[in-house]
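Structure first, commentary second.
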Amino acid sequence: MYAYDKYDQAMVDARVEEFRDQARRRLEGTLSEEQFKPLRLMNGLYLQLHAYMLRVAIPYGTLNSRQMIALADIADKYDRGYGHFTTRQNIQYNWIKLEDAADILADLSRVEMHAIQTSGNCIRNISSDHFAGAAHDELVDPRPYAELLRQWSSFHPEFTYLPRKFKICVIASEKDRAAMRLHDIGIQIVRNDNGEIGARFYVGGGMGRTPMIAPMIRSFVALDQLVTYAEACLRVYNRYGRRDNKYKARIKILVHELGAEEYTRQVEEEFAHLLDVGVEPPRAELERIKEFFADPAFEDGPKTLDRSDPDFALWVDRNTHRHKHDSYVSAVISLKPVGGIPGDASGDQMRVMAQLAEQYSFDEMRITHTQNVVLPHVRIADLHALWTALDQAGLGAPNLDTIEDMIACPGLDYCSLANARSIPLAQRISERFGASGKTAKLGELKLKISGCINACGHHHAGHIGILGVDRKGVENYQLSLGGSEAEDVSLAKITGPGFTENGVIEAVETVTDVYLQRREGEERFLDTYRRIGMEPFKEALYD
Amino acid sequence: MKILTGNDLKSGAVIWWDGENWSLHVDDATDVGTHGEEIMAREEALRQVNVPYMIDAERTDDGVRPSHIKDRVRALGPTVRPDLTLKPQDPQALDWVI
Ligand code: SF4
């Protein structure tokens, strides 16, 4: 994985000291909250329901065990013994003290991490496929391109004050495991008819108040023009994005209002201009970055498993993913134990994961946007030992991509923007379906829960989505069906009037019953919904 | 009743105006009547509180209860981590929030 050079390190260290001084001035009273707020937000420090919250960037979700241990130490030393992995492949701490914040940033810097650009109207952490560099179906490892874009977008002077926050995703397979088309810019690395590798650009996707699927604006950009094309996309947005209305300020609104064709025309014009200016980093820089992502030293070994232990076999079937080397798999550690809080991990659990990554996965981990942790390169020969260790640590839940593996945002338990709680719903649904054995019958079913319209819980993209709303001071929940953030991307549709907390749990039970009654063959919930439409579900819910 | 809340500048902890000082416990909150703005301006200038605001609440047999669920969650702590709330030993505390 990428290692900081002296420039990266110097930039991050300088930022820590700058923030230390800003925090000191705030505590002494020479900076007002109004003056300090944008400064702390630039360093990922929010003020949430119970305390300050610090969001730490995990670039494209990749980290090593030394970094994971540092995250665990921060949880134990400065927080309350845990952290929350987010749908942006980052981690958040919920109980931070302002007086500790600069020390935490310094601890992060020592392991080449930071919280810069995890808030504010700038380009946020670049996201990617959590199986990048390991997946059997990828064209190339997308992370060097994500890293190039990370370097380009870090402290980019022109894009520090965009109309609104900006999220970029890079993948390199037909299968979309990163919700690529629901980003402001989604980039897919593709091969063209001439056999050349380049980047396909989708622009103007997003969730939130006005969910949109990004249209493709260019099918092929040469890789030595990748940054230039991204810059052109941003420039047009920065120039014409709506700064007058926060709710219309995301690029998706601009692309929608101009029309994809006109937006593309303007981008192409800007692109032609930028090609003359020459903003692309030298090719040597990309080659330098690529070296950091070279494959580890894979070795041939056993390709089959002893599946005689049914619990182990179930975990293998559910929680592992085919690797590009046939003696390896990628193993996913579910952070969704039945009744647990999706995405939360204690300091001790983080240390266990770090130690197992070091032992079994070339010292690498990935955070998924579904709030789990991947050990990308595990020898098939080591899988049983890994599973045994995970199981002993309470990290062996065999439920990936099932209804128990839901996304849930922090909701009203932690988030000051929330209308309703998300986590208790997640807990009750997983307990109910886990206890009844229905999880297995349902197979792949993606449930996603957001506590407000900002949609951090990706409810628009859930096969079943739940959105918390405030109904005269009382929590209420809208149910939606039919979303997908994969390559068959679609936006979920609301079923009808909302439900109480108990009511929405019953409603989930009801729609899954309809699916079980109506499914044909191997259909997933989503397939059945797409075949039979909303009506049968509505009838069961409201008649 | 009208009560004042905000966060402690240094720790970020949720605090409530008790008439003389800031308390961690919502039950200590006092009715500020029409003096809320003035108290908030003074206390914020003294850095005794960060981002203060005034809310509606009622005094019940169980103490002071903010009208909105968000402030009740703030008053107690996350409902999904009773061990981290101000009343970890009280199983009824969550009912009070909801
Ligand atoms: S969706 Fe809303 S409630 Fe949930 S984390 Fe995002 S802003 Fe907070």
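The values are calculated or read from the model by the stated rules, or taken from the named source; none is laboratory data. In this text, all values refer to a predicted model and were calculated from it rather than measured experimentally. Positions of Cβ are generated from backbone atoms using ideal geometry, with glycine treated the same way; all protein chains shown enter the neighbour counts. Surface accessibility is based on the protein's heavy atoms, side chains included, excluding ligands, DNA and RNA. Shrake-Rupley method; radii C 1.70, N 1.55, O 1.52, S 1.80 Å.
Laid out as a table, the results:
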read-out	value
Breaking point among (1) out of contact with any helix residue (DSSP H, G or I) (no Cβ under 6 Å at 6 or more places or on another chain); (2) at pLDDT 95 or above; (3) surrounded by fewer than 17 Cβ atoms within 10 Å (Cβ to Cβ), for A:Gly496	(1)
Of all residues making up the range A:77-97, the number that are within 14 Å of another protein chain (Cβ to nearest Cβ) and in a helix (DSSP H, G or I)	1
Hits in the range A:1-41 (condition: open to solvent by 50 Å² or more (accessible area, probe 1.4 Å), of a type outside the set (Asp, Glu) and closer than 30 Å to A:Arg421 by Cα)	A:Lys37, A:Pro38
Residue match in the range A:435-444 (condition: of a type in the set (D, E, K, R), within 19 Å of A:Arg88 (Cβ to Cβ) and either within 9 Å of the ligand (Cβ to nearest atom) or not assigned by TED's automatic domain parsing to the domain that holds A:His183 (or both))	no
Among (1) open to solvent by 10 Å² or more (accessible area, probe 1.4 Å); (2) in contact (Cβ under 8 Å) with a residue 24 or more places away in the chain; (3) in a helix (DSSP H, G or I), the one test that A:Asp100 misses	(2)
Filter result (assigned to a strand (DSSP E or B) and more than 14 Å from every other protein chain (Cβ to nearest Cβ)) within the range A:47-70	A:Arg55, A:Val56, A:Ala57, A:Thr62, A:Leu63, A:Asn64
Elements of type strands (runs of 3 or more DSSP E) in the range A:277-355, at least 2 residues being closer than 30 Å to A:Arg428 by Cα, away from every other protein chain (no Cβ under 14 Å) and touching a strand residue (DSSP E or B) at 6+ places or on another chain (Cβ under 7 Å)	A:320-322, A:328-333
Considering residues of the range A:357-412 that are on the phi > 0 side of the Ramachandran plot and away from the ligand (no atom under 16 Å from the Cβ) only, the residue most open to solvent (accessible area, probe 1.4 Å)	A:Phe362
Any hit, the range A:462-474, residues being within 10 Å of the ligand (Cβ to nearest atom) and more than 14 Å from every other protein chain (Cβ to nearest Cβ)	yes
Counted residues, the range A:7-36 - those being small (Gly, Ala, Ser) and either away from chain B (no Cβ under 14 Å) or at positive phi (or both)	3
Residue tally, condition more than 8 Å from the ligand (Cβ to nearest atom) and either more than 15 Å from A:Asn476 (Cα to Cα) or without any contact (Cβ under 8 Å) to a residue 24 or more places away in the chain (or both), over the range A:414-429	3
Residue in the range A:446-461 that is farthest from the other protein chains (Cβ to nearest Cβ), counting only those that are within 6 Å of the ligand (Cβ to nearest atom) and open to solvent by less than 10 Å² (accessible area, probe 1.4 Å)	A:Ala455
